[in-house]
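The values are calculated or read from the model by the stated rules, or taken from the named source; none is laboratory data. Since the structure is predicted, the reported quantities are computational estimates derived from the model, not experimental observations. Positions of Cβ are generated from backbone atoms using ideal geometry, with glycine treated the same way; all protein chains shown enter the neighbour counts.
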């Protein structure tokens, strides 16, 4: 079976890829993310090894693009293997292929016209930027799938504060759920969380730069804005887990566009964050996360706000 997933929202495309993989991957299915540098596509498409019963192949359409430069312009040459896919009916039934692109495809390309023809109509998923009346419905569905309680007013407040970036909305949904009470996520909770966001990123910037005097001042202001330190801890945990992932991928020599594709955020944000983390090592991030996790446990065990403040200031001072 052949699938085609294209569009301009990398995060929703990644979600669809995961959904398809979950549906298609059985215990005896082998998953292959096609790499043109090491894989022979014809062998993958038309044969199963002795130990393979089923196979799922994911193919990024960029693998078939070749950049051409002349004196004044840069163009893209379509290197799609037409000779293979013109005999697509010969692909065994127990081999599934997912074609995907994180960018808008040129429907005039011969390759896209062929894929549009050989993938049955209901199997073509094209993700486009949100329309205003669609985003609330999507967010409600995501909350339902995650068993997160959130009312209509809170959904509208999330969209008002966070915009229509699906990755941001989904991540914030998880973060807000971490410190919501039994009644779920409310408009009031979102307003409080957003109120601390700007100050939180100021604090993180000072901490990364190891400007501890400003970090201490910023942290004190953060505490005064939130009803509970747990709100701040949940936000900081998300930020530093993302930083740890970025640093690990950077150390694996991954390029910025590869990192953006792997973790589902915009390449520009990856570039800015990597610049910020240029001289930061994983040990520092690990220490921050260890401190945050310990703090969460201590507060939930009954530590007072005053004790919490003193402990945090001492921690920051000792990071020098």
Checklist entry - Across the range 129-144, which residue is surrounded by the most Cβ atoms within 10 Å (Cβ to Cβ) among those that are at pLDDT 75 or above and closer than 20 Å to residue 7 by Cβ? => result 139
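Taking the criterion of being assigned to a helix (DSSP H, G or I) and outside the structural domain of residue 52 (by TED's automatic domain parsing), would at least one residue in the range 109-128 satisfy it? Spell out the reasoning first.
From the range 109-128, those assigned to a helix (DSSP H, G or I) are 110-118, 121-123; that's our starting set.
From what is left, the residues that are outside the structural domain of residue 52 (by TED's automatic domain parsing) are none.
Looking through the range 109-128, none of the residues is assigned to a helix (DSSP H, G or I) and outside the structural domain of residue 52 (by TED's automatic domain parsing).
Can you say whether residue 283 is modelled with pLDDT of 85 or more, outside any loop (DSSP other than H, G, I, E, B) and more than 19 Å from the chain's Cα centre (by Cα), as far as the supplied structure shows? Steps first, answer last, please.
Numbers: modelled with pLDDT of 85 or more: yes; outside any loop (DSSP other than H, G, I, E, B): yes; more than 19 Å from the chain's Cα centre (by Cα): yes.
Yes: the conditions hold for residue 283.
Out of the range 150-184, which residues are part of a strand (DSSP E or B) and either modelled with pLDDT under 90 or assigned by TED's automatic domain parsing to the domain that holds residue 14 (or both)? Even if it seems obvious, please write down each step before you answer.
Taking the range 150-184 first, the residues part of a strand (DSSP E or B) are 150, 181, 184.
The answer is 181, 184.
Identify, please: which residue in the range 96-108 is surrounded by 15 or more Cβ atoms within 10 Å (Cβ to Cβ) and modelled with pLDDT under 85 and is, among those, nearest to the chain's Cα centre (by Cα)? Steps first, please.
Pass one, the range 96-108, residues surrounded by 15 or more Cβ atoms within 10 Å (Cβ to Cβ): 96-102, 105.
From what is left, the residues that are modelled with pLDDT under 85 are 102, 105.
On the way: 102: 12, 105: 21 Å.
Only one residue fits best here, namely 102.
Name the residue, out of 147, 210, that is surrounded by fewer than 17 Cβ atoms within 10 Å (Cβ to Cβ), in a loop (DSSP other than H, G, I, E, B) and not assigned by TED's automatic domain parsing to the domain that holds residue 274.
Every option except 147 fails the conditions.
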